[in-house]
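The values are calculated or read from the model by the stated rules, or taken from the named source; none is laboratory data. Everything quoted here is computed from the prediction, not taken from an experiment. Positions of Cβ are generated from backbone atoms using ideal geometry, with glycine treated the same way; all protein chains shown enter the neighbour counts.
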Amino acid sequence: MNKTKVIVLLIAILTLVNINPTGLRAYKIRTVVIDAGHGGHDSGCLGKKAKEKDVALELAITVGKLIESKHKDVKVIFTRKDDRFLELHQRASVANKANADLFLSIHLNSAKPMAFGTETYTQGLHVTGANLEVSKRENASVLLESDYTANYDGFDPKDPTTHIIFELFQSAYRNQSIRFAEKVEHNFVKHAGRSSRGVKQAGFLVLYRTTMPAVLIEAGFLTNPNEENYLTSAEGQQKLTESIYNAFTAYKAEIDKEGK
């Protein structure tokens, strides 16, 4: 293990030591950061007519506006509000600098044309082969960055130490992240009528170093023609964004009550 990794590992451990031993900070939800995946020269996955970066931005902006309009006590911060490229570590940095209480990264999925359904991920090591493929695809954006080895402490997906560090940074917030993720998937099914592939864990660079509950939402498969039509329709986007908003509202109510 090199010197940089030792330092990062120690910081992660110290972060855990300073967290409430119940794993739940006594706080209320006052700031949420919403991240639209990809952007600029990073288009993300492609459907027959749509790009992930564009659909993700539309969903992210709409979710944020819903929260702003109905929760006046919540500050909404967007990592991007237009078609620009942001490095993955910069997205987490936005949330950390704002001392955010929740970080949502919105994406669209890619696989064989018959694959369908929603997934919501939290940071973790309990990965299946399919989970690993999703994280590898989303993490591929790092290759478009100018100096990713420096920005991510010598990140090497083949090095087990890297994944241990990933796990430590987010483990303090795992229970809260899972609670929110479960609400997202529940609302995708109950409100939007979508097929849920469940709450899952994998190693995502965009969630790496976020110091608050954080999830990555895969709202559907652009590579499935039927889902692409739904994801790009006004009705589909309304149902999906309302589902995420409903999940946020329910989660906020729980956390605010516990934080009293």
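Residues in the stretch 20-34 that are modelled with pLDDT of 95 or more and either within 24 Å of PRO225 (Cα to Cα) or assigned to a loop (DSSP other than H, G, I, E, B) (or both): 2 in all.
Among the residues of the stretch 110-124, those that are within 18 Å of the chain's Cα centre (by Cα), at pLDDT 95 or above and either part of a helix (DSSP H, G or I) or of a type outside the set (Gly, Ala, Ser) (or both) comprise THR118, GLU119, THR120.
When the stretch 64-82 is filtered for residues that are touching a strand residue (DSSP E or B) at 6+ places or on another chain (Cβ under 6 Å) and either within 20 Å of SER43 (Cα to Cα) or assigned to a helix (DSSP H, G or I) (or both), the ones remaining, listed by number, are GLY64, ILE67, GLU68, PHE78, THR79, ARG80.
Would it be correct to say that THR4 is within 20 Å of THR120 (Cα to Cα) and either in a helix (DSSP H, G or I) or at pLDDT below 95 (or both)? So THR4 fails the test.
Within the stretch 37-52, can one find any residue that is at pLDDT 95 or above, among the hydrophobic types (A, V, I, L, M, F, W, C) and within 15 Å of the chain's Cα centre (by Cα)? Looking through the stretch 37-52, none of the residues is at pLDDT 95 or above, among the hydrophobic types (A, V, I, L, M, F, W, C) and within 15 Å of the chain's Cα centre (by Cα).
When ASN187, ASN175 are checked against the criterion of being touching a Leu at 6+ places or on another chain (Cβ under 8 Å) and touching a residue at least 60 places away in the same chain (Cβ under 8 Å), a single residue qualifies: ASN175. For the stretch 233-247, the condition of being assigned to a strand (DSSP E or B), under 16 Å from LEU102 (Cα atoms) and at pLDDT 95 or above holds for none of the residues.
With the requirement that a residue be at positive phi and surrounded by 17 or more Cβ atoms within 10 Å (Cβ to Cβ), what does the stretch 44-103 give you?
Correct list: GLY44 only.
Checking GLY37, GLY47 one by one, the residue that is in contact (Cβ under 8 Å) with a residue 40 or more places away in the chain, within 30 Å of ASN224 (Cβ to Cβ) and touching a His at 6+ places or on another chain (Cβ under 8 Å) is GLY37 and no other.
Quick one: count up the residues across the stretch 231-257 that are surrounded by 14 or more Cβ atoms within 10 Å (Cβ to Cβ) and either free of Cβ contacts under 8 Å to residues at least 24 places away in the same chain or not hydroxyl-bearing (Ser, Thr, Tyr) (or both).
Number satisfying all stated conditions: 15.
For the stretch 211-222, check the following and say yes or no: at least one residue is in a loop (DSSP other than H, G, I, E, B), in contact with a Leu (Cβ under 6 Å, 6 or more places away or on another chain) and of a type outside the set (A, V, I, L, M, F, W, C). Looking for residues that are in a loop (DSSP other than H, G, I, E, B), in contact with a Leu (Cβ under 6 Å, 6 or more places away or on another chain) and of a type outside the set (A, V, I, L, M, F, W, C), one finds at least one in the stretch 211-222, hence yes.
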